[in-house]
1. Filter region 256-273 down to the residues that are surrounded by 10 or more Cβ atoms within 10 Å (Cβ to Cβ) and over 19 Å from residue 202 (Cβ atoms) and list them by number.
2. Scan 482, 475 and give me the residue that is surrounded by fewer than 16 Cβ atoms within 10 Å (Cβ to Cβ), under 15 Å from residue 376 (Cα atoms) and modelled with pLDDT under 95.
3. Out of all the residues in region 220-237, which are part of a loop (DSSP other than H, G, I, E, B) and farther than 23 Å from residue 305 by Cα?
4. Could you look through region 394-407, keep only residues that are in contact with a helix residue (DSSP H, G or I) (Cβ under 7 Å, 6 or more places away or on another chain) and in contact (Cβ under 8 Å) with a residue 60 or more places away in the chain, and pick out the one that is surrounded by the most Cβ atoms within 10 Å (Cβ to Cβ)?
5. Taking only pairs six or more apart or across chains, which ones have beta-carbon atoms under 9 Å, a first residue in region 265-284 that is modelled with pLDDT of 95 or more, and a second residue that is assigned to a loop (DSSP other than H, G, I, E, B) and loosely packed, with under 14 Cβ neighbours inside 10 Å?
6. Which is under 30 Å from residue 34 (Cα atoms), touching a strand residue (DSSP E or B) at 6+ places or on another chain (Cβ under 7 Å) and not in a helix (DSSP H, G or I), of 438, 426, 404?
7. Evaluate region 307-319: report whether one residue or more is within 20 Å of residue 361 (Cβ to Cβ), in contact with a strand residue (DSSP E or B) (Cβ under 9 Å, 6 or more places away or on another chain) and either modelled with pLDDT of 95 or more or surrounded by fewer than 18 Cβ atoms within 10 Å (Cβ to Cβ) (or both).
8. Of 387, 379, which residue is more than 25 Å from residue 123 (Cα to Cα), out of contact with any strand residue (DSSP E or B) (no Cβ under 9 Å at 6 or more places or on another chain), crowded, with 23+ Cβ neighbours inside 10 Å and modelled with pLDDT of 95 or more?
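The values are calculated or read from the model by the stated rules, or taken from the named source; none is laboratory data. Keep in mind that this is a model prediction, so the values were computed, not measured. Here Cβ is always computed from backbone atoms with ideal geometry, including for glycine, and neighbour counts include all displayed protein chains.
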């Protein structure tokens, strides 16, 4: 029978650099996010006294978390994904001792979640490595950073071992191929060899964190986190089909290493064909054998691949280079909406790894309108999430072992790609705008009540969700266009 499991984890997902603010408070150091004020593809800007950026305050979760967690609890969350800002614990990354004020903040945060019976799902590194490690060591290009990360991981595992049982290593680890500064602390224009060497160091660090979690956290589970970049061939031409296989492998290889414990043969050929020689020690190979307990991923869109280079293009506002699918609608940011693709991806990952899966990001960024009476009728968001949850439930019926679903941005936050607040994801509206104005007051959108009803439905029976529709319906229809 098509139901979600009774122990299914329902909730939302955030990242420290997109919600917390307080960017230098209580001893916090600068992160790579702090010096990228215009998003993950923006230029690096050295901070000077008196300057400011939208992420410096973000939505002030650092000071308002009790209010926000109470709202999440009202929706019925039994899980909340957050990240620890590495720079709150080790401000420079290589500090001799951890920052107690930073550790104490997350103690309070996890205690507040426990009061509301919300299970923490904690990401160790979410696009915010210490900027000092980039300046002084060259980011993940330096093997020394592996040790700094392992020490940080062991510090937080030891501190929170009785409060946090579910962990993730690196957020969207495969994004390093598209945004090397954000992913591995390397400047744009770095060579493929430099990027893949940095990625290798990060994969080793991830495996060492998995080992440390198993040692230090009783009954703890730790997963990886992939950007689910499912691609389709633009046509049934064999060349397009093979090119698509290669494109999907470019992100699947991260999961292959983290879940299988070694580099796959196709990547070894890629390195040979591209003249890339990585420094991989015997100790590295041994470390990589420690694999993750589950596979987590984000899912927002799919795209198409073709062997015809003239057709390749960058979708407006997109974070991946892809050819638009003529059969799918797109958001105003160019993200193509494909609920069925989620079911496909869940089956692909389950067949590939046979490990529990967790959808830790899925949501719709849109420009919400506040009506005269203060209401926000985000039917387009309800439609988007409804249709994706229907496909997640179908995948469970296919035999996929799915642990949970945490929607991206249960509360409005600063977007990663462009550092915008106008691109809103939340069930909860935050009165703050791209120019920094606003009261930071929280209010409930229509989707707040809808998600609450979905979570509360007995055993999450099928009637709690409506059948998926082929297109976005309701007031938001005008904001989506068919790809040309």
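1. From region 256-273, those surrounded by 10 or more Cβ atoms within 10 Å (Cβ to Cβ) are 256-264, 266-272; that's our starting set.
Passing the criteria: 266, 269, 272.
2. Details: 482 fails: under 15 Å from residue 376 (Cα atoms).
Criteria check complete, one pass: 475.
3. Initially, region 220-237 is screened for residues part of a loop (DSSP other than H, G, I, E, B), giving 220, 228-230, 234-237.
Answer for region 220-237, where residues must be part of a loop (DSSP other than H, G, I, E, B) and farther than 23 Å from residue 305 by Cα: just 220.
4. Only one residue tops the list, namely 407.
5. 271/277; 276/191
6. After applying the criteria, what remains is 426.
7. As a first pass, look at region 307-319 and keep what is within 20 Å of residue 361 (Cβ to Cβ): 315, 317-319.
From the residues that got through so far, the ones that are in contact with a strand residue (DSSP E or B) (Cβ under 9 Å, 6 or more places away or on another chain) too are 315, 318-319.
Subsequent filtering for residues that are either modelled with pLDDT of 95 or more or surrounded by fewer than 18 Cβ atoms within 10 Å (Cβ to Cβ) (or both) retains none.
Checked against the condition, which is being within 20 Å of residue 361 (Cβ to Cβ), in contact with a strand residue (DSSP E or B) (Cβ under 9 Å, 6 or more places away or on another chain) and either modelled with pLDDT of 95 or more or surrounded by fewer than 18 Cβ atoms within 10 Å (Cβ to Cβ) (or both), region 307-319 yields no hits at all.
8. Details: 379 fails: crowded, with 23+ Cβ neighbours inside 10 Å.
None of the other options fit; the residue is 387.
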